[in-house]
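**Student:** Take this structure, written in structure tokens, and hold onto it; I'll ask about it next.
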Amino acid sequence: MNPIKGVHFVVHILSFIIVCNFGSGSDLRYQDYAINPVGTLHQKIESQKAIAPFLSSKEFLEWTDQVSKHSLLKRANQIKLDPNALNSTNQESNQTDLSGLFQNLISELSNFTAPETNNSSQNNISNGGLGNVFQNILNNFLGSLSSNGNSSGPSNGSQNNSSNDGFGNIFQNILQNPNIGKFIGSMLGGGNTGVSSGLDFGKIAQQLTSGNIDPSTAGKMLMLYLNGIVQYTNASANCRSDVVRVISGLQSTQPWALKMLDASAKIPTGVMNLDLNWYGSYDECYSDVTTLEAFGILPTTQPPVNGQYCTVSLNLPLPPAVKGFLSAMQNPGAIKAGMCFPKSCSSDDLVKVVNAFLSNIPLGNSTVTAYPINCPTPVEDDQLETSDKIVVIILIVFLILIVTGTLYDVIIVVWPKIKGSRKEADNEKPIDTSSNSSDSNYKLRAENGEIQVIQQPKPQNKHNPSIFGRIILSFSAYTNGKKILGTSQPKGSLTAVNGIRFLSMSWVILGHTIAFILGNTSNFLTYYAEFLGRVSSQAIFNALVAVDTFFVLSGLLTSYLLLKQMSKTKGRINWFLFYFHRFWRLTPVYMMVIGMYVTIYPHLIFGPNKTNADETCKRVWWKNFLYIDNFFGIKDLCLGWSWYLNNDMQFYILSPLMIVPFYFNKIVGAMVSAVFLLIFTITPGVISYVNNLPLHTDGGGPKDADRLSFFEDYYIVPWCRMGPYICGVITGYLLYITKCKCRMNIFVNLLGWVVAAASASAVLYGIYDTVKPDNPVELSKEVTALYNAVNRTVWGAAVCWVIFACATGNGGYINTLLSWKAFVPLSRLTYCAYLVHPLVMYVYYLNRNFPFYLSDLDFVYIFLANLVVSYGMAFILSITFESPFMGLEKVMFSSRDKKEANSDKSLEKHLQ
């Protein structure tokens, strides 16, 4: 038997030190990860800063030195297993040293009483009898060491038959007699009995590394100790048996056991930079055959133990001050390591086994403890629940409807039109006998009253579908795809809005790309500090204002189009349809994304970072349906990024209070809007001052700012976010009364652009000094409150200038760029892209079995990939859910006046 592999196994179990707090088994929620100032990113920074002094302390360094540099692994690697190098003299001295090592254990045998049991044979060895039995076992064990010194040679198939020797008998006794196993565990400093024999693993390791014990003795002694610990724990019988089998497999160099060891996390490089992502190898743990085994280098001679990948959360014995700080940060100080354990062990079993090992490695007067231990469900064990199956059935139904609608559209509607147009073209050719082109002939004949020749009705090619046919056509991927990808727009459209909408969505994806990926990088602290150290990073760091751009667009288009519609209908508006249209267009696809997020999404992620299903959405989805989820705080926030949709719907409900007065009296309208703007500017400032809020989700402002309240009390509530929307409403009215025609002096135009650019730059870059990572400048509560009161409104006003200037012909090349026709279809997909892009990132990031090493080039490539995939998924989502429901709405209200329908169509195309 080979003792070195057993030594390796123990050492790597005891090498759990630090990994990131981004592991399996947790509920990864948007607000806890990307925005919330006490979320994962902020916790990682602050907790690592707090733990860093402890990790560099003399006590901890001595502990890691014992575990790694002077560990059994190092000693085992120095041993040359050459039987000829071991002489009988050395073996005799080794026997004497080992006998002395067990003196304390033997002296306490007479005082040990085995637990009572109903088995009469076992009662015979209690009350002192066990001491005699164990003493005889030790004598036999020591005798076998001197007589079998050559057993330390390399393991091979013949050595598997050595279980009939003295140590083999001892090994069998340990496994078969639970009282002996429990006794050994208690005597060897094992665990929670409170019994102290003075024989802990540290002392045994010291003896083993002293060089006075031959490898065979070391291995056998270690096996005795390990089995004693395992048998002593209260883990299940199957788990204990498999752990022992793994240890035995390592001794005999079984490839499946070595694979489990190799797949487990080890201390990597980069610790000085607090590289805390130690994942191990998820794929190797679950692989059936390793490369070495496939090459036949390591043959299997023992039945394998199936492995499972688990993350072990370690709780360091931190100083009380650090523990208090982490507790206030809602972070217990747990750190994680990826390990490969027997699959028969449950999480509770592993907690008992791992802590039994860790309890024998003291850190000063304390020990490292492991809790919890989470084992993500692997692919082969993944099963769909009832709710998952229901959503899958719904998706299949939609797929059938889309296929049916597309076939119906192509075969019944589109193809006859194509055939009819071809016949019409053929019939027109003989009529055109002049030398002029067909277009000029058409004009000439039209002037001569011959238009009926070309425009003869062809009823045989005209298809008027029934109500059922129109419903089916609503799901046609052909027609819906043409509408989405088309670049035509109705007359009077604000073309620059398309570019602004797409670029703003790209900005949101850019910000989320860096926010999400930082939690899964091996160079998190170094890249984070370097990134935020640049002034240019504020354009990404402060990308939160991109959402305010969407509020501006929503308010502007609602105001502009509603006023145009009121002018056509002389102030008469069907308010039911006004609100129903908005709800009907947004809600179905919104609810389907939530349904897939809760059910399908967890089954798309497998690996160290697999998360649980979001239980919050299962419980409070109805709040999202009513668009009131942001009123209940972050704990009940389902689909965290949906806070924007809730706010936007709430603003839309209030918008007629500002827009309608403009139609009847511009002075009254201006006064109402001014009052709204004043209220929703003062309110966030007062809340910021009273609650002592920072000026950004990641800090800034006063030193003692309450980051806990920023997201919940300021960021997601409508009374702090309506300023940009009101600016949009006012700008929409200005475009309506000017009819998008306002020629201004070149100097006035230039002044407007300069003021808008300066204002936007002040919002983006003005807070750099107070949020930079090194020596940030502290701001007073008053200054912070002022910034929080006006910054979003100022940004909204700057965006309004861009739209107004471009719409009125004062945008120049900027208008040409923003009005590029390629932005039209991309703009239509923005809503679905917003809904789905975080899930696209999660699936990619969380399926990685190893952390990123982030650089600027990697960041750019990952952002572009996220952008393309997000819009690709948005196209599928729009064709599947959004466009069909918009078509169904037309079927439901097909009897409306054509003029009203056309007006609603224009409103529909803009309010996306």
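The values are calculated or read from the model by the stated rules, or taken from the named source; none is laboratory data. All values derive from a computational prediction rather than experimental measurement. Note that we place each Cβ from the backbone using ideal geometry, even for glycine, and neighbour counts take in every protein chain shown. What goes into the accessible areas is simple: the full protein's heavy atoms, side chains included, and nothing from ligands, DNA or RNA. Shrake-Rupley method; radii C 1.70, N 1.55, O 1.52, S 1.80 Å.
**Student:** Is the stretch 853-860 home to any residue that is under 30 Å from ILE726 (Cβ atoms), in contact (Cβ under 8 Å) with a residue 24 or more places away in the chain, open to solvent by less than 20 Å² (accessible area, probe 1.4 Å) and assigned to a helix (DSSP H, G or I)?
**Tutor:** no
**Student:** So which residues in the stretch 637-651 are aliphatic (A, V, I, L, M) and at pLDDT 90 or above?
**Tutor:** Of everything in the stretch 637-651, those that are aliphatic (A, V, I, L, M) and at pLDDT 90 or above turn out to be LEU645, MET649.
**Student:** Now for a different question. Across the stretch 754-775, what is the total count of residues that are of a type outside the set (Gly, Ala, Ser) and crowded, with 17+ Cβ neighbours inside 10 Å?
**Tutor:** So the count comes out to 7.
**Student:** Related question: When you look at SER709, is it more than 24 Å from ALA807 (Cα to Cα) and under 36 Å from the mean Cα position of the chain (by Cα), yes or no?
**Tutor:** yes
**Student:** Taking the condition among the acidic types (Asp, Glu), modelled with pLDDT of 95 or more and either out of contact with any helix residue (DSSP H, G or I) (no Cβ under 6 Å at 6 or more places or on another chain) or more than 18 Å from LEU734 (Cβ to Cβ) (or both), does ASP706 pass?
**Tutor:** Against the criterion (among the acidic types (Asp, Glu), modelled with pLDDT of 95 or more and either out of contact with any helix residue (DSSP H, G or I) (no Cβ under 6 Å at 6 or more places or on another chain) or more than 18 Å from LEU734 (Cβ to Cβ) (or both)), ASP706 does not qualify.
**Student:** Can you name every one of the helices (runs of 4 or more DSSP H) wholly within the stretch 212-304 that holds 3 or more residues which are of a type in the set (Val, Ile, Thr) and modelled with pLDDT of 75 or more?
**Tutor:** 237-251
**Student:** Residues that are of a type in the set (Asp, Glu) and surrounded by 19 or more Cβ atoms within 10 Å (Cβ to Cβ): list the helices (runs of 4 or more DSSP H) wholly contained in the stretch 514-590 that include at least 1 such residues.
**Tutor:** Answer list for the stretch 514-590: 545-568.
For every residue, the table says whether it meets (1) touching a Lys or Arg at 6+ places or on another chain (Cβ under 8 Å); (2) outside any helix (DSSP H, G or I); (3) surrounded by 23 or more Cβ atoms within 10 Å (Cβ to Cβ).
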residue: ALA789; (1), (2), (3): no, no, no
residue: VAL799; (1), (2), (3): no, no, yes
residue: CYS806; (1), (2), (3): no, no, yes
residue: GLY811; (1), (2), (3): no, yes, no
residue: THR816; (1), (2), (3): no, no, no
residue: LYS821; (1), (2), (3): no, yes, no
residue: CYS832; (1), (2), (3): no, no, yes
residue: LEU839; (1), (2), (3): no, no, no
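**Student:** If a residue counts only when it is open to solvent by less than 30 Å² (accessible area, probe 1.4 Å) and closer than 23 Å to ASN542 by Cβ, which helices (runs of 4 or more DSSP H) contained entirely in the stretch 596-713 have at least 2 such residues?
**Tutor:** Those helices (runs of 4 or more DSSP H) span 643-664, 666-691, 707-710.
**Student:** If only one of VAL717, VAL755, VAL799, VAL790 is in contact with a Ser or Thr (Cβ under 6 Å, 6 or more places away or on another chain) and either modelled with pLDDT of 95 or more or closer than 24 Å to ASN630 by Cβ (or both), which one is it?
**Tutor:** After applying the criteria, what remains is VAL799.
**Student:** List, please: which pairs have Cβ atoms under 7 Å, are six or more places apart or on different chains, and start with a residue in the stretch 298-318 that is on the phi < 0 side of the Ramachandran plot and end with one that is charged (D, E, K, R) and assigned to a loop (DSSP other than H, G, I, E, B)?
**Tutor:** From residues that are on the phi < 0 side of the Ramachandran plot, the pairs are ASN306/LYS343; GLY307/LYS343; GLN308/LYS343.
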